[in-house]
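Quick one: the structure is below, and I'll ask about it shortly.
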Amino acid sequence: AVPFLIRLFPILLTKFVFLNFLAFPFFVDLRQPELLLNNTVNLYLTTEPGVTVGIWHMIPGSRGAEAQGKDQHWYEEALADAHPVIIYLHGNGGTR
């Protein structure tokens with residue numbers, strides 16, 4: 001019966017292979033990373049019209065004391081300084 005259902009509804013296969021409908025860890029607001037991780041802020045990038053990507057900007061531990069109590073504007077300016085930026089692409093789970 002399962003192959004027959006997958007043949008009739010191919011969207012089921014993508015949902016169960018990638019599990020996009022699950023958000024792990026459960027009951028965590030990923031829009032507020034500062035509750036989970038020190039020196040982290042939530043930002044959004046508009047890559048093209050109608051497409052917005054949520055990102056976390058994490059300051060390394062060596063700059064942690066400098067980042068204490070700073071607002072989102074400081075984190076945005078920190079992206080433009082001479083320090084290297086590492087981009088981590090997490091995959092297709094739908095969460096950060």
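Report the residue count in the range 38-53 for those that are under 13 Å from the mean Cα position of the chain (by Cα) and either open to solvent by less than 60 Å² (accessible area, probe 1.4 Å) or among the hydrophobic types (A, V, I, L, M, F, W, C) (or both). Step through it out loud before you land on a result.
Of the range 38-53, the ones under 13 Å from the mean Cα position of the chain (by Cα) are 40-45, 52-53.
Among the residues that remain, those that are also either open to solvent by less than 60 Å² (accessible area, probe 1.4 Å) or among the hydrophobic types (A, V, I, L, M, F, W, C) (or both) are: 40-43, 45, 53.
Qualifying residue count, the range 38-53: 6.
With the structure loaded, tell me whether Glu34 is acidic (Asp, Glu) and either assigned to a strand (DSSP E or B) or modelled with pLDDT under 85 (or both) or whether it fails that test.
yes
Please list, ordered by first then second residue, the pairs with beta carbon atoms under 6 Å, 6 or more apart or interchain, first in the range 1-27 and over 30 Å from Leu37 (Cα atoms) and modelled with pLDDT under 80, second among the basic types (Lys, Arg) and loosely packed, with under 10 Cβ neighbours inside 10 Å.
Between residues of the range 1-27 that are over 30 Å from Leu37 (Cα atoms) and modelled with pLDDT under 80 and residues that are among the basic types (Lys, Arg) and loosely packed, with under 10 Cβ neighbours inside 10 Å, there is no close pair.
A further question follows. State all residues of the range 54-86 that are hydrophobic (A, V, I, L, M, F, W, C), in contact with a Leu (Cβ under 8 Å, 6 or more places away or on another chain) and surrounded by 10 or more Cβ atoms within 10 Å (Cβ to Cβ); if no residue qualifies, say none.
The first filter runs over the range 54-86 and keeps only residues hydrophobic (A, V, I, L, M, F, W, C), leaving 55-56, 58-59, 65, 67, 74, 78-80, 82, 85-86.
Adding the requirement that they be in contact with a Leu (Cβ under 8 Å, 6 or more places away or on another chain) leaves 55-56, 58, 85.
Selection gives Ile55, Trp56, Met58.
A further question follows. Count, please, the residues in the range 37-71 that happen to be polar (S, T, N, Q) and part of a loop (DSSP other than H, G, I, E, B). Even if it seems obvious, please write down each step before you answer.
Keep residues of the range 37-71 that are polar (S, T, N, Q), which gives 38-40, 42, 46-47, 52, 62, 68.
From what is left, the residues that are part of a loop (DSSP other than H, G, I, E, B) are 38-39, 68.
Result for the range 37-71: 3.
Follow-up question, since we're still on this one. Of all residues in the range 28-51, how many are free of Cβ contacts under 8 Å to residues at least 24 places away in the same chain and closer than 29 Å to Arg63 by Cα?
Counting residues in the range 28-51 that are free of Cβ contacts under 8 Å to residues at least 24 places away in the same chain and closer than 29 Å to Arg63 by Cα gives 14.
The values are calculated or read from the model by the stated rules, or taken from the named source; none is laboratory data. Everything numeric in this text was worked out from a predicted model, so none of it was measured. Methodologically, a virtual Cβ is constructed for each residue, glycine included, from the backbone with ideal geometry; neighbour enumeration extends over all protein chains shown. Just so you know, the surface numbers come from the protein's heavy atoms only, side chains and all, with ligands and any DNA or RNA stripped out. Shrake-Rupley method; radii C 1.70, N 1.55, O 1.52, S 1.80 Å.
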